[in-house]
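Inspection log for the structure reproduced underneath, given as structure tokens.
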Amino acid sequence: MWKPPEKIRFEPQPGRWPDSGEAQASRLFSPIRLGPQQASTIEMASRSWVPAMVPWRASEDGFVTSDVLDWYRRFAEGRPGAIVVEATGIRDIPSGPLMRIGDDRFIAGLSELVDTVREASGGKTRLFIQLIDFLAIRRRPDPQVYFDRYLEITERHRSALGGELDEAEIRARLKAMSEDELAGVLSRREMESLRLGYRERVTDMDLPQIRDLPEQLPGLFAGAARRAKRAGFDGVELHYAHAYTMASFLSPLNTRPDGYGGQREKRVRLPLEVFEAVRAEVGEDFAVGCRFLSEEIFEGGGTIEDACYFAQRFAEAGMDFLSLSRGGKFEDAKQPSIGAAIYPYTGRSGYECMPGHISDEKGPFGRNIGPASRIRAAIGKAGFKTPVVVAGGVHGFDQAEAILQKGEADIVALARQSLADPDWFAKVRAGRGREVRVCEYTNYCEGLDQKHKQVTCQLWDRLDLDEPGIKLAAEGKRRMVAPAWKRSGGD
Ligand SMILES: Cc1cc2nc3c(=O)[nH]c(=O)nc-3n(C[C@H](O)[C@H](O)[C@H](O)COP(=O)(O)O)c2cc1C
Ligand code: SF4
């Protein structure tokens, strides 16, 4: 993963922990209603949130497994205000072990997941599911294979090589060229496919499946949301963030000429149409919000001004919550090795998404709070109170409480800190914050995610491996869920 050149090493700074009285009286542990005026029927018991994290535990065909149930049960035991279930594919297409919700056959498993979380949290935790669409992406090819099989030979290549060459000769000539020479013959996209692997874009209007996205996606998202409602979820989070389809519509790189690209007003059109289709399908008594980016963090990418504008439009449309992430783009990602796929969290934008402990002078904690605060103010200026959820390096009570007290956000999300200790919420509420296993922001978990390996935390995955009945990850060395909270004596 990319690291800021300053390479300053930060220790976690959880600060002071409150006693139980202070915790119970805090804003963090006070309830909040969702909705544009915070008046929806959906109330959260506290302003804490476990954002979506893919743990790679679904079956190869996208079903909920017993490992998925164990994973979310463990989070639910800590009783956060809400858990957002990992990015789940809305199409009925093979997507590897990514969870799916693109057909009614997925409902039974998802329903079991809802029951598991309800039971483990005593009904105290709201459960949402993140709905994702993504475009085709291929692994970085072996150059020989690329020139033999993938590259479509065109007149452009023939004339650049200056002759009446047949296809086989062109392929042979290209195979023998250096990268510099190739740059003079291949188009930018062809060079990119060679160097990084082929990747579709929302601007590929020559591809029918891309051209038709505005027709297809509202129905696909609405169908997925209907299934989520049937399975018993409290709501859905539309994934409009990071490197995926909907974020690409919002990005300034979206220059589609069909009324869905160009100026901000047009880039936000499909995200709004998707929301409207979803709302029409599920009604008002089911939470519908989205996750989007406060900034894209690459040259020419979406800015905070864009995000303020989108937030106002989403609030005005009636979204129930707006969850803010940052970065996580393909545009600045590192070149993958041959045979691997490009991973959107390997460049600077990836660092901003999941800031690690080696940082610049700003440090890894709360880098998204300033932008979130601006976005929340813009929503307020437009007359809405849509709850804003902020994530990024939050691990201490004082830090979380200050965000809420200062009105920088309405709900605080802890991703890696919840992974390090799913009992963070219960411990802090009980005045036992000193028992929290504090995240060190090493990004070991994120490294596992990159390799599509079952995600665990280095602070607990080798602990008590001889405990009876514990499940181990595929390679047999790591426990799959955090050990139970063994309360220390005393108060
Ligand atoms: C293993 C892992 C998987 C993640 N998967 C998702 C995901 O499915 N959807 C999403 O929006 N963000 C995902 N994220 C990003 C987190 O939700 C969160 O925004 C990020 O980790 C920053 O918050 P933190 O500093 O509290 O960890 C993932 C993060 C990690 C570490
Ligand atoms: S592996 Fe554990 S300690 Fe390291 S960043 Fe992930 S959650 Fe935090």
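The values are calculated or read from the model by the stated rules, or taken from the named source; none is laboratory data. Only a predicted model underlies this, so the values are computations on that prediction, with no experimental measurement involved. Glycine gets a Cβ as well: all are built from the backbone with ideal geometry, and neighbour counts include every protein chain shown.
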Tell me whether region 94-115 contains one or more residues that are assigned by TED's automatic domain parsing to the domain that holds residue 330, free of Cβ contacts under 8 Å to residues at least 40 places away in the same chain and within 16 Å of ligand 1 (Cβ to nearest atom). yes
Given the conditions (1) touching a Lys or Arg at 6+ places or on another chain (Cβ under 9 Å); (2) under 30 Å from residue 83 (Cβ atoms), every one holds for residue 140 apart from (2)
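Counting just the residues of region 120-161 that are of a type in the set (S, T, N, Q) and not in a strand (DSSP E or B), which one comes out nearest to residue 42 (Cα to Cα)? Please lay out each step first, then the result.
First, the residues of region 120-161 that are of a type in the set (S, T, N, Q): 121, 125, 130, 144, 154, 159.
Among the residues that remain, those that are also not in a strand (DSSP E or B) are: 121, 125, 144, 154, 159.
Working: 121: 17, 125: 11, 144: 56, 154: 57, 159: 63 Å.
Per the criteria, the residue is 125.
Being touching a Cys at 6+ places or on another chain (Cβ under 7 Å) and aliphatic (A, V, I, L, M) narrows it down to one of 238, 151, so name that one. Please lay out each step first, then the result.
Numbers: 151 fails: touching a Cys at 6+ places or on another chain (Cβ under 7 Å).
Answer to the check: 238.
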Taking region 211-245 and keeping only residues that are among the aliphatic types (A, V, I, L, M) and part of a helix (DSSP H, G or I), one is left with 213, 217, 220, 222, 224, 225, 228, 231
- Item | Verdict on residue 138 being in contact with a strand residue (DSSP E or B) (Cβ under 8 Å, 6 or more places away or on another chain), among the charged types (D, E, K, R), surrounded by fewer than 16 Cβ atoms within 10 Å (Cβ to Cβ) and within 30 Å of residue 65 (Cα to Cα) | yes
Every listed condition ((1) under 13 Å from residue 146 (Cα atoms); (2) modelled with pLDDT of 95 or more) holds for residue 203 save (1)
Result of the Cβ filter at 7 Å on region 404-424, keeping first residues that are farther than 15 Å from residue 389 by Cα and partners that are assigned to a strand (DSSP E or B) and modelled with pLDDT of 95 or more, at least 6 apart or interchain, is 418/50
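Taking the criterion of being within 13 Å of ligand 2 (Cβ to nearest atom) and within 21 Å of residue 84 (Cα to Cα), would at least one residue in region 460-475 satisfy it?
At the first step, the residues of region 460-475 found to be within 13 Å of ligand 2 (Cβ to nearest atom) are 460-463.
Imposing the further condition that a residue be within 21 Å of residue 84 (Cα to Cα) reduces the set to none.
No, every residue in region 460-475 fails to be within 13 Å of ligand 2 (Cβ to nearest atom) and within 21 Å of residue 84 (Cα to Cα).
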Restricted to region 422-454 and to residues being within 19 Å of residue 341 (Cβ to Cβ) and among the basic types (Lys, Arg), the residue surrounded by the most Cβ atoms within 10 Å (Cβ to Cβ) is 453
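Does residue 461 satisfy the condition of being part of a helix (DSSP H, G or I) and under 24 Å from residue 9 (Cα atoms)? Break it down into steps so the answer makes sense when it comes.
Working: part of a helix (DSSP H, G or I): no; under 24 Å from residue 9 (Cα atoms): yes.
The answer is no for residue 461.
Take residue 412 and tell me if it is outside any loop (DSSP other than H, G, I, E, B) and surrounded by 23 or more Cβ atoms within 10 Å (Cβ to Cβ).
Working: outside any loop (DSSP other than H, G, I, E, B): yes; surrounded by 23 or more Cβ atoms within 10 Å (Cβ to Cβ): yes.
So residue 412 fits the description; yes.
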Looking across region 271-294 at residues that are buried (at least 21 other Cβ atoms within 10 Å of the Cβ) and not hydrophobic (A, V, I, L, M, F, W, C), the single one that is nearest to residue 260 (Cα to Cα) is 271
Filtering region 455-476 down to residues that are of a type in the set (D, E, K, R) and surrounded by 11 or more Cβ atoms within 10 Å (Cβ to Cβ) yields 461, 462, 464, 471
Okay, helices (runs of 4 or more DSSP H) sitting entirely in region 285-392 with 1 or more residues that are within 16 Å of the chain's Cα centre (by Cα) and within 14 Å of ligand 1 (Cβ to nearest atom), I get 348-353
Result of the Cβ filter at 9 Å on region 160-189, keeping first residues that are outside the structural domain of residue 150 (by TED's automatic domain parsing) and partners that are in a loop (DSSP other than H, G, I, E, B) and modelled with pLDDT under 90, at least 6 apart or interchain, is none
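State yes or no: is residue 470 modelled with pLDDT of 95 or more, outside any strand (DSSP E or B) and of a type outside the set (D, E, K, R)?
Values: modelled with pLDDT of 95 or more: no; outside any strand (DSSP E or B): yes; of a type outside the set (D, E, K, R): yes.
Judged against the criteria, residue 470 is not a match.
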Cβ pairs under 7 Å, 6+ apart or interchain, first in region 1-25 and touching a residue at least 60 places away in the same chain (Cβ under 8 Å), second assigned to a loop (DSSP other than H, G, I, E, B) and of a type in the set (Asp, Glu), ordered by first then second residue, are 4/360; 6/360; 6/361; 8/360; 8/361; 12/440
By residue number, the members of region 421-456 that are at pLDDT 95 or above, farther than 17 Å from residue 28 by Cβ, touching a Ser or Thr at 6+ places or on another chain (Cβ under 8 Å) and away from ligand 2 (no atom under 11 Å from the Cβ) are 435
